[in-house]
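A short worksheet on the structure shown next.
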Amino acid sequence: MKIHEYQAKDLLRAAGVPVLAGHVARTPEEASQAFSGLGTPVCAVKAQIHAGGRGKGQVKGSQQRGVELAKSPEDAARIASGLLNQTLVTIQTGPEGQVVRQVFVESGCNIERELYCAILVDRAAGSPVLIASTAGGMDIEEVAAKTPELILTEPFDADRGLGAYQTRLLSSKLGLPTSSWRAAEHFFRALTKAFVALDASLLEINPLVLTKDGTLVALDAKMTFDDNALFRHKDVVALRDESEEEPAEIRAAAAGLSYVKLDGSIGCLVNGAGLAMSTMDLVKLHGGEPANFLDVGGGADVNQVTEAFRIILSDSNVKAILVNIFGGIMRCTTIATALVEASKTVGFTVPLVVRLEGTEVEEGKKILAESGTSIITADGLTDAAQKVVAAAASQA
């Protein structure tokens, strides 16, 4: 689950992480009032969408950027007017962009240097890791690819937190003046505590700024949370903005399905995340493009399978569907029966390729063969991938 910048900063402020004062605005008038209320000569007016790259992003049909500086209440209202209810396109939204429904008006500060900081879970290290870099305000992926030596990492124990010696080491490597090391220790330790306490999966500060008076401030904040831990954080769940999420993904979650929409033309329905990833790889290997990741899990029933097909078919880009089931916990006869019932209920308008393997596979194939439905059966993963790619091509 993702949240907006202003929401992330509220959480960080409560955790003792230094952030600037700001107000969210949903009309130009509110943006003007927010500027006046902050009482600073300069404010930043920032589009609030669940995507990065807003500063370099651009509103469709205009020269308006996703983040601009305002020097008066009228200026703030003008910038907000150019953003609100407009489509902002950034490197992370793709060409379709995202609609801006609110802006964050934040007070300015005297910036001495821009740095980068993030925390995520490193599965190889088996712990969270703090990442920092002197290349703040830049695309960190580009920095990592071209100048990896600028990326600093400090793994830390989730229970003990970041050690004071680690903050001093980071401060030294980042080239911070020694007079700012105590501020850096407070910032980094508060940030890592917030990450663990909130069960976050990503916490990114870009840029992290060193001000002219030697303090560290989170000038931006991006937070993503572990969905499996949200039951412990009702206050975080309340921050969810479904207007920023893919409707099909919300619908899938309600049905107990794991679904992620992609840009291809071949719908995939698979049981098991690993098998789903392998299926998508095979589709691409044979010249196709997956339209989604969809894991029905090991205990899906007829209703869930039917809903899964409805969700896949709601994507107008889908030209064919591949069902790849390994019957371990789930019997092939169960999924075959569900497929037949779903095909009668939903009514397929695109070719359907089915590959079954595992418990009661022969019985499952017999159910499909005798169903009277126009299901294309496949033997093996390669055969299934080749057939679905060919079927999708025939629909183009």
What aspartates and glutamates does LYS261 reach when the alpha-carbon gap must be under 16 Å and sequence neighbours fewer than 8 apart in one chain are set aside?
GLU96, GLU242, GLU244, GLU245, GLU246, GLU249, ASP281, GLU289, ASP295, GLU307, ASP315
Which of [x] 28, 57, 15, 0; [y] 25, 53, 21, 1; [z] 24, 46, 27, 4 is the computed P(r) over Cα pairs in 20 Å bins from 0, in percent for the structure on display?
[z]
Would you list the P(r) distribution for region 21-107, with all Cα-Cα distances sorted into 10 Å bins from 0 and each bin expressed as a whole %?
22, 53, 22, 2
P(r) of region 111-237 over all Cα-Cα pairs, 10 Å bins starting at 0, rounded to whole percent, reads 13, 45, 33, 9, 0
If amide hydrogens are placed 1.01 Å from N in the peptide plane, which non-local residues have theirs closer than 5 Å to the one on SER258?
ASP295
With 10 angstrom as the radius, rank ILE375, ILE91, ILE335 by how many other C-beta atoms surround their C-beta, starting from the fewest.
ILE91, ILE375, ILE335
Could the peptides 297-304, 29-36 be put in order, highest first, of the mean number of other beta-carbon atoms found within 10 Å of their residues?
29-36, 297-304
FRET efficiency for LYS366 and VAL260, Cβ-Cβ distance as r, R0 = 41 Å, nearest 0.05?
0.80
Taking K and R as +1 and D and E as -1, what net charge do the other residues with C-beta under 15 Å from the C-beta of ALA369 add up to?
-2
Can you tell which of ASP220, ASP75, ASP235 shows the greatest fluctuation in a Gaussian network model of the chain with Cα springs below 10 Å?
ASP235
Around LYS212, what is the net charge, scoring Lys/Arg as +1 and Asp/Glu as -1 over all other residues with Cβ under 14 Å from its Cβ?
-2
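Apply the a/c threshold of 1.5 to the C-alpha gyration tensor of region 245-379 and tell me whether it is rounded, prolate or oblate. Could you put the intermediate results ahead of the total?
Numbers: a/c = 1.38, a/b = 1.31, b/c = 1.05.
In terms of gyration-tensor shape, rounded.
Can you figure out the FRET efficiency of ASP157 with VAL302, using R₀ = 56 Å and their beta-carbon distance, to the nearest 0.05?
Working: r = 46 Å, r/R0 = 0.83.
Efficiency, from the Cβ-Cβ distance: 0.75.
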Using only the Cα atoms of region 36-158, build the gyration tensor, take square roots of its eigenvalues as a ≥ b ≥ c, and label the shape rounded, prolate or oblate: rounded if a/c is under 1.5, else prolate if a/b is larger than b/c, else oblate.
prolate
Taking every DSSP beta bridge that has both residues in the chain, what percent is antiparallel when rounded to the nearest 5?
75
Sequence-distant aspartates and glutamates (8 or more away, or on other chains) whose Cα lies within less than 12 Å of LYS46
GLU5, GLU68, GLU106, ASP220
Rounded to the nearest Å, what's the spacing between the alpha carbon centres of region 276-327 and region 8-69? Just the number, please.
39
Cα to Cα, under 13 Å, and not fewer than 8 places away if on the same chain: which aspartates and glutamates meet these conditions relative to LYS193?
ASP157, ASP159, GLU185
Which entries of LYS2/LYS173; LYS284/LYS365; LYS344/LYS366; LYS222/LYS319; LYS365/LYS387 have Cα-Cα distances beyond 28 Å here?
LYS2/LYS173; LYS222/LYS319
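Under the rule a/c < 1.5 gives rounded, and otherwise a/b versus b/c splits prolate from oblate, where does region 112-167 land using the Cα gyration tensor? List each step's numbers first, then the result.
Values: a/c = 2.60, a/b = 1.56, b/c = 1.67.
Oblate, because a/c is 1.5 or more while a/b does not exceed b/c.
Using the Cβ atoms and a cut-off under 11 Å, what net charge is assigned to the surroundings of ALA77, where Lys and Arg are +1 and Asp and Glu are -1? Each step should come with its number before you reach the end.
Values: positive: ARG78; negative: GLU29, GLU30, GLU74, ASP75.
Around ALA77, the charge tally is -3.
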For the chain, what is the mean residue ellipticity at 222 nm derived from helices alone (per DSSP H run of n ≥ 4: -39500 (n - 2.57); sum divided by total residues; nearest 500 deg cm²/dmol)?
-11000 deg cm²/dmol
Counting only residues 5 or more apart in sequence or on a different chain, those whose built amide H sits under 5 Å from that of GLU289 are SER265, ILE266
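Each reported figure results from applying straightforward, stated rules to the coordinates on display, with no laboratory input. In this text, all values refer to a predicted model and were calculated from it rather than measured experimentally. Note that we place each Cβ from the backbone using ideal geometry, even for glycine, and neighbour counts take in every protein chain shown.
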